[in-house]
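Visitor: Please read through the structure below; I'll follow up with questions.
Read-outs: derived from the displayed coordinates by stated rules, not from any lab. As the structure is a computational prediction, the values presented were derived from the model and not from experiment. Please note: Cβ atoms are built from the backbone with ideal geometry, for glycine as well, and neighbour counts cover all protein chains shown.
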Amino acid sequence: MLRGDVLAALPRVAYRRQVMAVRMGRRQIIAVNDPEVVREVFIARAANYGRKSHFKEQALRPVIGESLFANHGEIWSSRRPPIGRLLHPSGIGKLQPLFQSVGGQLATRWARLAGPAGGLVDVAPDLATATLDVMLLAIFGPGVPEGEARAIAEAFTRFQSGVQVIDLPYLLGLPNWLAGRHRRATLRAATDIRHRVAGLIASMPGEEGYLGGMRALRGEDGKPLLDEIGLLEEVAMLLLAGSETAANALAWTLYLLATHPEWQDRAREETTTLLGDRPPEAADLNALVVAKAVIQEAMRLYPPVAVLARQPAATDRIRRWTIQPGDTLLCIPWLLHRHESIWEHPHSFRPERFLPENAKAIPRFAYLPFGLGPRVCAGAAFGMAEMTTFLAILLQRFEFAAGPVPVPRFRLTLRPEGGMRIMLRPRASR
Ligand code: HEM
């Protein structure tokens with residue numbers, strides 16, 4: 001059951017519990033599902049929980065190797081601050097033309113695919129390609145060969161569909177060679193991604209984009225902080241962390257707007273009143289409060305990173321449970337975001353929760369689409385600006401209506417199984 005669909009396997013009672021523990025073979029999994037316990041563990045005791053779970057480390061390693069996302073200790077602490085500074089919110093405004101142009105190209109492609117009378121379009125692969133295009137251009141600057149984003153997005157999809165969701169052999173203490181039948185195809189996809197990234201780095205010797213910024217980083221000894229492999233792995237990490245997440249959040253947002261026409265109308269009215277037909281500038285984004293609330297509510301119901309997983313460095317007690325090195329600690333935003341004692345109508349789409357006048361009522365540490373603590377997402381401002389810009393442009397250009405009901409599947413991110421087909425009807429520009 002766990003190999004198939006972890007989220008569907010969660011019992012009803014999980015949406016009401018504060019802490020849950022399951023023993024599987026030799027290991028224990030403890031899930032914290034209460035804002036105060038989450039704060040205690042991920043913030044107050046962050047030093048003990050800095051390391052990602054064994055499973056996440058193993059799952060990500062073929063693509064992102066030793067990059068900071070999958071690492072802890074010295075590598076993480078030397079790389080996270082300078083890479084965090086490169087992605088600092090104050091520098092995101094200059095990427096606005098990029099968000100506008102890739103969002104505009106996506107809308108043009110969908111207008112062609114849907115036809116003048118409208119049609120069903122699988123938005124998932126195109127959103128994956130568009131968000132990857134944004135990351136490639138932000139990292140490498142102009143000059144990325146056409147088709148590269150689609151090729152890497154497809155390789156990521158192949159990689160993810162082969163990655164085991166739960167590392168049963170590890171949990172049961174069985175040998176590694178039992179770790180799943182997809183292994184070879186998964187590794188091939190990972191090699192393909194690394195090969196492409198290495199080729200791009202070699203062909204872009206300049207100082208542009210985040211690549212230039214990362215090349216210029218120096219360690220305390222004055223030597224480059226990242227050697228050739230380090231650079232390759234941090235670039236691959238940014239591509240993965242920065243595109244899959246935003247693409248899935250946008251896919252679920254479009255689906256929820258397609259099934260909630262009243263919110264679609266409200267978000268479109270806000271966009272067209274503020275912008276008319278022009279794409280949003282960086283200075284407009286804060287005023288798009290409905291669009292942002294819609295995205296935030298979509299990430300509550302369908303958090304792109306549905307599970308945060310750690311392993312403790314030392315034995316610890318969490319309420320009445322003892323957790324030991326080798327055990328796994330989970331915080332499951334999918335559950336926390338739908339917890340029945342925190343949220344009213346927890347499974348309903350109610351973006352008004354996130355409108356500025358209501359947002360203060362949301363308890364701290366109950367809403368964690370970008371994680372929390374020292375390992376909080378370094379690209380949250382980037383992601384929000386990109387998603388809001390894309391959504392505004394898509395609202396200007398299309399009306400959305402529901403297609404087949406999508407099924408969420410928990411992989412490295414929360415993907416719609418088999419894609420997300422939505423009826424897109426082009427709007428006449430006025
Ligand atoms: C909707 C968009 C995004 C979502 C929902 C998201 C979510 C997350 C989450 C939940 C984590 C923490 C994972 C954990 O604690 O185990 C994370 C980490 C990270 N994210 Fe994002 N992310 C998004 C976009 C981005 C973008 C656009 C970038 C880069 C431009 C980015 C870069 C990173 C990095 C570097 C980390 C690692 C931080 C660390 O370990 O210190 N993310 N993200």
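Visitor: Can you compute the FRET efficiency between Arg158 and Leu274 using 1/(1 + (r/R0)^6), with r the Cβ-Cβ distance and R0 = 41 Å? Round to the nearest 0.05.
Guide: Details: r = 40 Å, r/R0 = 0.98.
Given R0 = 41 Å and the Cβ-Cβ separation, E is 0.55.
Visitor: How much length would be gained if the chain were fully extended between His345 and Glu220, taking 0.36 nm per residue of separation minus their Cα-Cα distance, in nm to one decimal? Before the final figure, lay out each step's value.
Guide: Numbers: separation 125, 0.36 × 125 = 45.00 nm, distance 5.17 nm.
So the chain would gain 39.8 nm between His345 and Glu220.
Visitor: Take the chain, connect every pair of alpha-carbon atoms lying under 10 Å apart with a spring to form a Gaussian network, then pick out the residue of Ala246, Ala282, Ala306 with the largest mean-square fluctuation.
Guide: Ala282
Visitor: Over the chain, with a Gaussian network built from C-alpha contacts below 10 Å, which listed residue (Ala291, Ala190, Ala359) shows the highest mean-square fluctuation?
Guide: Ala359
Visitor: I need the shape label for region 225-276. Rule: rounded when a/c is under 1.5, else prolate if a/b > b/c, else oblate, with a, b, c from the alpha carbon gyration tensor. Show your work: numbers first, answer last.
Guide: Details: a/c = 7.94, a/b = 2.72, b/c = 2.91.
It is oblate, given that a/c is not under 1.5 and a/b is not larger than b/c.
Visitor: As a test of the formula, what do you get for the chain when each DSSP H run with n ≥ 4 contributes -39,500 (n - 2.57) and the sum is divided by the residue count, at 222 nm and rounded to the nearest 500 deg cm²/dmol?
Guide: On the way: 15 runs with 200 residues, N = 430.
Taken over the chain, the calculation gives -15000 deg cm²/dmol.
Visitor: On to the next question. Full-extension gain between Ala21 and Ser101, please, as 0.36 nm times their residue separation minus the C-alpha to C-alpha distance.
Guide: Numbers: separation 80, 0.36 × 80 = 28.80 nm, distance 4.75 nm.
Here the segment from Ala21 to Ser101 would lengthen by 24.1 nm.
Visitor: Within region 24-43, which residues have the backbone N less than 18 Å from the label spot 7 Å out from Ala9 along Cα→beta-carbon, could you tell me?
Guide: Residues passing the 18 Å test: 24-32.
Visitor: Amide H of Arg409: which non-local residues (sequence gap of 5 or more, or other chain) have their own amide H closer than 5 Å, using H built in the peptide plane?
Guide: For Arg409, whose amide H was placed from the backbone, the distant partners under 5 Å are Arg415, Glu417.
Visitor: What nm distance separates the two modelled labels at Asp227 and Glu352, each placed 7 Å from Cα along Cα→Cβ?
Guide: So the label points at Asp227 and Glu352 sit 5.9 nm apart.
Visitor: So how far apart, in nm, are the two label points at Thr322 and Ala46 if each is 7 Å from Cα heading toward Cβ?
Guide: According to this spin-label approximation, the distance is 2.9 nm.
Visitor: Something else now. Determine by what factor the alpha-carbon radius of gyration of region 6-425 differs from 2.2 N^0.38 Å, reporting the quotient.
Guide: Working: Rg = 21.1 Å, N = 420, 2.2 N^0.38 = 21.8 Å.
Taking the Cα Rg and dividing by 2.2 N^0.38 Å, one obtains 0.96.
Visitor: What is the Cα centroid distance between region 16-70 and region 200-266, reported in whole angstrom?
Guide: 23
Visitor: Per-residue HN-Hα couplings for region 128-140, Karplus 6.51 cos²θ - 1.76 cosθ + 1.60 at θ = phi - 60°, whole Hz, x for Gly and Pro?
Guide: 4, 5, 5, 5, 6, 4, 4, 5, 4, 5, 5, 7, 9
Visitor: Let me ask something else. Select from Met387, Ile422, Met204 the residue farthest towards the positive end of the dipole of the chain; place +1 on Cβ of Lys and Arg, -1 on Cβ of Asp and Glu, and compute about the Cα centre.
Guide: The Cα lying farthest towards the positive end belongs to Ile422.
Visitor: Assuming R0 = 22 Å, can you tell me the calculated FRET efficiency for the pair Ala282 and Leu86, based on Cβ-Cβ distance, to the nearest 0.05? Please list the in-between numbers first.
Guide: Values: r = 18 Å, r/R0 = 0.80.
The calculated FRET efficiency here is 0.80.
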